[in-house]
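Heads up, the thing below is written out as structure tokens.
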Amino acid sequence: MAFHYLICQRIPQKIKMKHIRALLNSVYGIFPGLPVWTRLPALMSWIAVSCGIAASSFFPIPAHNSLLYTTFLITAMVSLLAGVFSRLRAIQFCGFLLFSIFLCTLRHHNQERISRLLLNHSSDYHIITGSITSLPVKSHAGYKFLLKTDSVSFDNEGILTSRHILCISPTVPPMYGTLRVFGKCAPGQKRLNRYDFNELTWLNSNGISAKMSVDSMEISDIPKSIPQSIADLFRNRVFSVLDRFTDQSHRAVLLAAFLNEREHLSAEINTAYRKSGIFHLLSISGLHAGMILAAAYVLLGVFPVNAASRHVLSLLVLWSYQLFIGFIPSLFRATLMATLIIVCLLFQKKSYSLQSLGLAGTVWLILSPESLFMPGYQLSFAATFGIITLQPLFSSLCPRLS
């Protein structure tokens, strides 16, 4: 009986191990680089941060006081340091996982404080002073622009100080400077059901704390810094070149493709590009980063400069374009991946595409965790991940010509 009991206990375990080995072998056969992928720390940190953000969205975060808030902040920093400096993959994964969970907790706590403040003063008339941090964009409701707050009339605790607010004004604001705006400020609307648009998540993913309907404004000061002067010079130069186009549709397409200004596109152009399936060409992405880099290398190739100087100057051109356009997920991913590849060329190191993608995804999610639920981030990073991982598989399935 004892022998029969041992046989009955051993056979299922052997069968299970056999099936597990067969499954692993089949997975390794489809993805032969999987053992190497698990050894890439940036890729594992990206996966850990994504899992932590997704897990924090499924479980409600309880209210906490200042002591618990400070504990969360210290724990988040300790977890981040453990994930960065530890050499054990398990500790790295757990460190970034805990860091992302505590990071989402802190951001949720701050947003709840802002929402409570705005709801308590919803009947008041709000006066906000701040500086413009984005170009005004024309929309159906007026002109949209971002205002970084310096002082808020109803905020005695400074909760909204140095926060970005999306302002919608019926009049044209200046391109830069300090304004005093008058109107009604409100938090973003949460979705009513799982299929509804979550305005609050969209605002937070773009670093915006609230929105404001502006009735009137006063211009306090219009200072002009050196970066703003350079940006204005470059923008005016681009506009002067594009003004030579007699066809306004061609001018609108170029403005959308290189300056991310799609408000000049007509309804007919939007429909034509959508039907043809190439509307993504009008969105700033890795294609534009590649074109900027290629143009920089070609231009620098005319001058007698060494390879190292050519790499560094090309990176400066690419990052200048990134700062000029703004932090768009697709452009930021391409810029950071190109930076890592060029840095590896400078120091004669081997570069892994998944390592570069993982680092770009980790940095972006730390800066904006809510982007994980935005289509722009998902399509940009998921498409690049699929191209890198599935390209060898599809290449092996193609017939080889003798």
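Being touching a helix residue (DSSP H, G or I) at 6+ places or on another chain (Cβ under 9 Å), open to solvent by 30 Å² or more (accessible area, probe 1.4 Å) and closer than 17 Å to Leu203 by Cα is a description that does not apply to Arg113. Counting only residues that are farther than 22 Å from Ala360 by Cα and surrounded by 17 or more Cβ atoms within 10 Å (Cβ to Cβ), the stretch 280-299 holds 2 of them.
Among the residues of the stretch 191-223, the one identified as farther than 18 Å from Leu179 by Cα, outside any loop (DSSP other than H, G, I, E, B) and open to solvent by 60 Å² or more (accessible area, probe 1.4 Å) is Trp202. Checking the structure you have, find out if any residue of the stretch 249-268 is open to solvent by 50 Å² or more (accessible area, probe 1.4 Å) and among the hydroxyl-bearing types (Ser, Thr, Tyr). There is no residue in the stretch 249-268 that is open to solvent by 50 Å² or more (accessible area, probe 1.4 Å) and among the hydroxyl-bearing types (Ser, Thr, Tyr). The set of residues in the stretch 262-286 being out of contact with any strand residue (DSSP E or B) (no Cβ under 8 Å at 6 or more places or on another chain) and in contact (Cβ under 8 Å) with a residue 60 or more places away in the chain consists of Ser285, Gly286.
When the test is whether a residue is under 24 Å from the mean Cα position of the chain (by Cα) and open to solvent by 30 Å² or more (accessible area, probe 1.4 Å), Leu98 passes it. Within the stretch 127-160, the set of residues being open to solvent by less than 60 Å² (accessible area, probe 1.4 Å), free of Cβ contacts under 8 Å to residues at least 24 places away in the same chain and of a type outside the set (Gly, Ala, Ser) comprises just one member, Thr149.
Which one is nearest to Ala141 (Cα to Cα) among residues in the stretch 164-187 that are of a type outside the set (A, V, I, L, M) and either crowded, with 20+ Cβ neighbours inside 10 Å or at pLDDT below 85 (or both)? Checking each candidate, the answer is Ser169. Just one of Ala231, Ala252, Ala289, Ala256 is in contact (Cβ under 8 Å) with a residue 24 or more places away in the chain, touching a His at 6+ places or on another chain (Cβ under 8 Å), under 27 Å from Leu146 (Cβ atoms) and not in a loop (DSSP other than H, G, I, E, B); which is it? Step by step, each of Ala231, Ala252, Ala289, Ala256 is checked, and only Ala256 is in contact (Cβ under 8 Å) with a residue 24 or more places away in the chain, touching a His at 6+ places or on another chain (Cβ under 8 Å), under 27 Å from Leu146 (Cβ atoms) and not in a loop (DSSP other than H, G, I, E, B).
Residues in the stretch 168-186 include at least one that is under 29 Å from Ser57 (Cα atoms) and in contact (Cβ under 8 Å) with a residue 12 or more places away in the chain. Taking the stretch 379-402 as the range and being of a type outside the set (A, V, I, L, M) and farther than 16 Å from Leu354 by Cα as the test, the residues that pass are Phe394, Ser395, Ser396, Cys398, Pro399, Arg400, Ser402. Selection of the stretch 336-370 for residues being under 28 Å from Glu199 (Cα atoms) and of a type in the set (Ser, Thr, Tyr) yields Thr362, Ser368.
The values are calculated or read from the model by the stated rules, or taken from the named source; none is laboratory data. Bear in mind the structure is a predicted one, so any value in this text is a computation, not a measurement. Neighbour counts run over all protein chains shown; Cβ positions are idealised from the backbone, glycine included. Note: areas computed on protein heavy atoms with side chains; ligands, DNA, RNA excluded. Shrake-Rupley method; radii C 1.70, N 1.55, O 1.52, S 1.80 Å.
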